[in-house]
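Notes to accompany the following structure.
All of the numbers you see were taken from the coordinates with simple rules; none came from a lab. Keep in mind it's a predicted model, so treat the numbers as computed, not measured. A quick note on method: Cβ atoms are made from the backbone with ideal geometry, for glycine too, and the neighbour counts reach across all protein chains shown.
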C-alpha cells in the first residue's frame, strides 16, 4: 500500500474551494504542508513513524529559524518574542489536540450507498 493510499489529507473540497468559501492564511499553510508531506512520501516512501519523526524535526527547525529571525536589532518587529519553553508547550498541546480530533469526512473514502 502506498503512502497515498493511507492519507487522510486534503479533501476535494479543500483542494478546490467554492467561490463563496473564504480560506484563511492558516488554511492555505495547512494545505501546502499536507501536500508537501504526501508528495514527498509518494516520491520517496518511508515507514509512517519515520516520516512523522522527520516532520517533527522540520517543525523544530522552522521554529528555530523563525525565532532567530525575531532576534536582535534587525529582527522582525511583529511583536512576537520567542520563548522556547512556553512555545514548546503550545506546540505539544496542538499536536495532542490534532491527535484527539476525530477525522474529518473524506468523500474519496466514503462508500457509495446508491446511484445518482
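Mind ranking 71-82, 50-61 by how tightly packed they are, going by the mean number of other C-beta atoms within 10 angstrom, highest first? Spell out each step's value before the answer.
Details: 71-82: 9.4, 50-61: 12.4.
Result, highest mean Cβ count within 10 Å first: 50-61, 71-82.
Would you mind listing how long the range 69-116 runs along its three principal axes, going by Cα atoms, in whole Å with the largest first?
On the principal axes, the range 69-116 reaches 64, 22, 12 Å in Cα extent.
If R0 is 30 Å, what FRET efficiency do you get for residue 74 and residue 106 from their C-beta distance, rounded to 0.05?
That gives a FRET efficiency of 0.10.
Could you calculate the FRET efficiency of residue 52 with residue 30 from 1/(1 + (r/R0)^6), where r is the beta carbon distance between them and R0 is 22 Å, rounded to 0.05?
0.85
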